[in-house]
1. Taking the options 210, 285, 276, name whichever one is surrounded by fewer than 19 Cβ atoms within 10 Å (Cβ to Cβ), modelled with pLDDT of 90 or more, out of contact with any helix residue (DSSP H, G or I) (no Cβ under 8 Å at 6 or more places or on another chain) and part of a helix (DSSP H, G or I).
2. Return only the number of the condition from (1) modelled with pLDDT of 85 or more; (2) over 18 Å from the mean Cα position of the chain (by Cα); (3) more than 21 Å from residue 125 (Cα to Cα) that residue 253 does not satisfy.
3. Hey, which of the helices (runs of 4 or more DSSP H) in region 110-197, taking only ones fully inside, have at least 3 residues that are within 17 Å of the chain's Cα centre (by Cα) and at pLDDT 95 or above?
4. Quick test of your reading of the structure: residue 226 fulfils all but one of (1) in contact with a strand residue (DSSP E or B) (Cβ under 8 Å, 6 or more places away or on another chain); (2) crowded, with 18+ Cβ neighbours inside 10 Å. Name the failing condition by number.
5. Considering only residues that are touching a helix residue (DSSP H, G or I) at 6+ places or on another chain (Cβ under 7 Å) and crowded, with 21+ Cβ neighbours inside 10 Å, which ones fall in region 154-176?
6. I'm trying to understand the selection: among the residues of region 27-44, which are under 18 Å from residue 6 (Cβ atoms) and either modelled with pLDDT of 75 or more or part of a helix (DSSP H, G or I) (or both)?
7. State which residue is surrounded by the fewest Cβ atoms within 10 Å (Cβ to Cβ) when the search covers only region 229-248 and only residues that are touching a residue at least 40 places away in the same chain (Cβ under 8 Å) and under 11 Å from residue 191 (Cβ atoms).
8. With the requirement that a residue be without any contact (Cβ under 8 Å) to a residue 40 or more places away in the chain and under 20 Å from residue 191 (Cβ atoms), what does region 135-160 give you?
C-alpha cells in the first residue's frame, strides 16, 4: 500500500501471479489536518480506515481467479459483503483483545506487586506493557504469514528509498535498498507507547474502570503528540528517536523477495501517476476559475 497527499494505491499479487491494483483519490483533507495536535489524531484515524480497506481488498482479491459460481452458491457480490462483515468483526475482536492484553492484563499483573505509589505503579505497568508489546511482535514474527506481511513492509521501504534517490523504479535499483526507513509508522507506535507510559504515570492507579476508561479517552491525545514529535524529529534530525524506531523495524520488516518488491514498485508507480494527474487537474481548475 502506498499513499501520497491526495492519492492511494493498493497492490496485491494473486496466487496465479497477476498483480491487481486498487487506486483512488483521497477525500479532501480537513482543515484541522493542517493544525498541530489535531492533525495527529485525525491522521491516526485515517490510517486505521485506510488500513482496514487495504485488508478487505487483499482478503477479497488475493486468491486465484474466480470461476463462475455453481448454482446454489452465494453470489460474488454477497460473498464480498459477507467477507467485509467478517473482517469488520475480526477487527473489533482484535481491538478488544488488544485492550485486554496491553491495558487490563499488565495492570492486573502490576497489582500483584502491591505498589503504593501511583506514579511507580503506572511506570511498572508501562514497562510491563512495553515488554508485552515487544514479546508480541517477536512471537508473531515467527509465524509464516506474518513474516510474509513484514517482508512486504520491507519491500515498501525499498521502493520508497528508490524514489527518494531519484532512481528509476526498477527491481534492480530497489533490490539493494534498506528495509529500514525513519518515516515508518513503527516509529510512531514506539513514541506513542513511551508517551503513554509518561502520561499514565500522572494518573491514579489503574485499579478502577474509571481510570481504564480515562486511558482509552487519552489515546487520541497521545497519538496527536506522538505525531508531532515524529514530524519535529525529522525536521531537527533527532537521530536518537529515529534510531529507536529503526531498531524496532528490525522486527517489523523482513528482507523481501523480488516478487514482493515488484508489487511494492507497482503500487508506488500507480500512486505517483494518480497524484500527478490530480495536481494537473487542480491546476486546470484554478486556470478556469481565473479566466
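The values are calculated or read from the model by the stated rules, or taken from the named source; none is laboratory data. Everything numeric here is computed off the predicted structure, so don't read it as measured data. Cβ placement follows ideal geometry from the backbone for every residue including glycine, while neighbour counts extend to all protein chains displayed.
1. Of the residues listed, the single one that is surrounded by fewer than 19 Cβ atoms within 10 Å (Cβ to Cβ), modelled with pLDDT of 90 or more, out of contact with any helix residue (DSSP H, G or I) (no Cβ under 8 Å at 6 or more places or on another chain) and part of a helix (DSSP H, G or I) is 276.
2. Residue 253 satisfies every listed condition except (2).
3. Values: elements: 118-140, 144-164, 171-174.
Per the criteria, 144-164.
4. Here residue 226 clears every test but (1).
5. Of everything in region 154-176, those that are touching a helix residue (DSSP H, G or I) at 6+ places or on another chain (Cβ under 7 Å) and crowded, with 21+ Cβ neighbours inside 10 Å turn out to be 155, 156, 158, 159, 162, 174.
6. Within region 27-44, 27, 31, 32, 33, 34, 39, 42, 43 meet the criteria.
7. The residue in question is 244.
8. Hits for region 135-160 are 135, 136.
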